[in-house]
Amino acid sequence: MTRLPIHPDPSPEPLNIEDPVGRLPEEWQAALSALGERPFRAKQLFRWLHQRAEFDPDKMSDLNVAFRARLREAGVGEPLHVESVHESKDGTRKLVLVAPDGARVESVIIPMTDLSDADAGAAPSDDDDDEPLAAKSRVTLCISTQFGCAMGCVFCASGQAGLVRGLRASEIVSQVYLAKRYLRPDEQLSNLVYMGMGEPLHHYEQTVRSLRLLTHPEGLGMSPRRITVSTVGLTPGIERLGRDFSGKIGLAVSVHAPNDAIRDQIIPMNRRYPLATLILALRAYPLPKRRRITIEYTLIDGVNDAPNHARELATLLRGIPSKVNLIPMNPITASELRAPKSEAVRQFQDILANAGYSCFVRTRRGDEVSAACGQLAMADDLVRKKREREELRALAKKA
C-alpha cells in the first residue's frame, strides 16, 4: 500500500485589519465574511469590545478558540493602559494613560457637584427631554484626541508642548472604558467632553469614528446629547460636524477674545480662521431645539478681562443660542500669563448676565494634580522637549 503524505491542516487565513478595536460592526462583518466567519460573529465581537470593554480575546468566552487566536494575531488588545491615577482633594481624578509606543495622554474624571460644574457638558436645562439618569452622583469625563496639540494657544500646556501624534479611534474610546473602571459605586458617567489634550477637529476622521463607536447601540450606546466636542475654532470641522451628526453632538468653542487683535496674540489659529468666519459657522450650526453652543472664554489678567472686553463679547455673540463658560486661567509652567483678579471675573460675568447670557464661572477642579482646564500635557516633559528641539534648530541655523 502506498502511503500518502500527511499534510497538516492549513493555517487559518490571517485577519488583516487596521486598528481593530476602532472598527464598527459593519466593518467587522465585511472582514469576517471574507474569511468565512459567520456574520453574527461581528456583533458578538463588537459587544465584547465596546459594551463590556473586554480587550483580551482569551476572555471572550462565546467565541471559538481558533477565532480568538485570529483576533490575537490581528492585534486585538488593550489600546492604552493606566500608568497612574492622581486624585485631588475635590475628588477629581486624572488618569495618565500609556500606549504601546510610549505615547502618554491624560483624561480626567470630574465629579459634578453643582450647576457650575454642568457647564462642562450639557446644562440641565438643555436636557429636559433627554433620557433620565439613575439616582447616582454625576461625573463628567474629559478625554484627549491627540498626544500634544498643534494649535499653540499661549495659555494651554498642551498647545505649548506641540503635537507629537494623533490618537487612533481605539485610543480615544478606550479612555472612556478605562475611566469607567475608576468610578466609585455611587457614581455614573453623565457627560463626556472632548476637551483634553489636542484639537478634536484637527484630527477629524478619528474623532468622528470614536463618536460613532461610543454612540453605537451595540456598544456603549451613549446619547449624542451627552457628548460635547470642543474646538479652538476650526470652521471647516465645525461645518462637517454639524452635517455628519445633524447638530446632535454638543459644540463648545474656545473663543477667549472679543476681537481679532487679541485673539491673534493668544490663539495663532485665529489668523487662519478669524472671528468673522467663526461666527458665521456658529450661526449655521444645526442646533436642535433648546440646545445651545458653549462659548469658552479663558480670562487672562490684563489681556482679555476688562469690562469693555465683556461688552464687546456680548455684541459679538448676539443672536447665537449660547451659554458662556468663564474660565479663570490656570497656571502653567510654559507661560508667565496670570489668572485674573476675582473682582474682574465677577464684573465680567455681571456684564454678560445683564446682556441676557447664561454665564457660568468654571469651578477650578483638580489644579493641584495639574488636571484643571489648560493644564493637561504631561507638560513639563513635552514642553522641555519642544524647547530642546527649538534650540537645536537655532544652533543649526547659526552653523
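Bear in mind these aren't lab numbers, they're just calculated from the coordinates by the rules spelled out. Here the structure is a predicted model, which is why all the values come from computation and not from measurement. No Cβ is skipped: glycine too gets one built from the backbone with ideal geometry, and neighbour counts run over all protein chains shown.
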Exercise. Once phi is turned into θ = phi - 60°, what whole-Hz ³J(HN,Hα) does the Karplus curve with 6.51, -1.76 and 1.60 give for every residue of the stretch 197-204, x standing for Gly and Pro?
Worked result: 5, x, 9, x, 7, 7, 10, 4
For this session: Please give, to one decimal in nm, the separation of the simple spin-label points placed at K43 and A261, each 7 Å out from Cα toward the Cβ.
Result: 6.2 nm
For this session: Would you please give the FRET efficiency between A74 and R283, computed as 1/(1 + (r/R0)^6) with r the Cβ-Cβ distance and R0 = 45 Å, to the nearest 0.05?
Result: 0.50
For this session: Compare the peptides 261-273, 158-170 by average per-residue count of other Cβ atoms within 10 angstrom and give them in order, highest first.
Result: 158-170, 261-273
Seminar exercise, completed: Expected vector for the stretch 35-40, Karplus 3J(HN,Hα) from phi with 6.51, -1.76, 1.60 and θ = phi - 60°, integer Hz, x for Gly and Pro, equals 9, x, 7, 6, x, 5
Exercise. So, counting K/R as plus one and D/E as minus one, what does the shell of residues with Cβ under 12 Å around L63 add up to?
Worked result: +3
For this session: Give, as a single signed number, the net charge of other residues whose beta carbon lies under 13 Å from the beta carbon of V85, with Lys and Arg counted +1 and Asp and Glu -1.
Result: +1
Exercise. Could you give the nm distance between label points at D58 and V98, where each point is 7 Å from its Cα heading toward the beta carbon?
Worked result: 2.1 nm
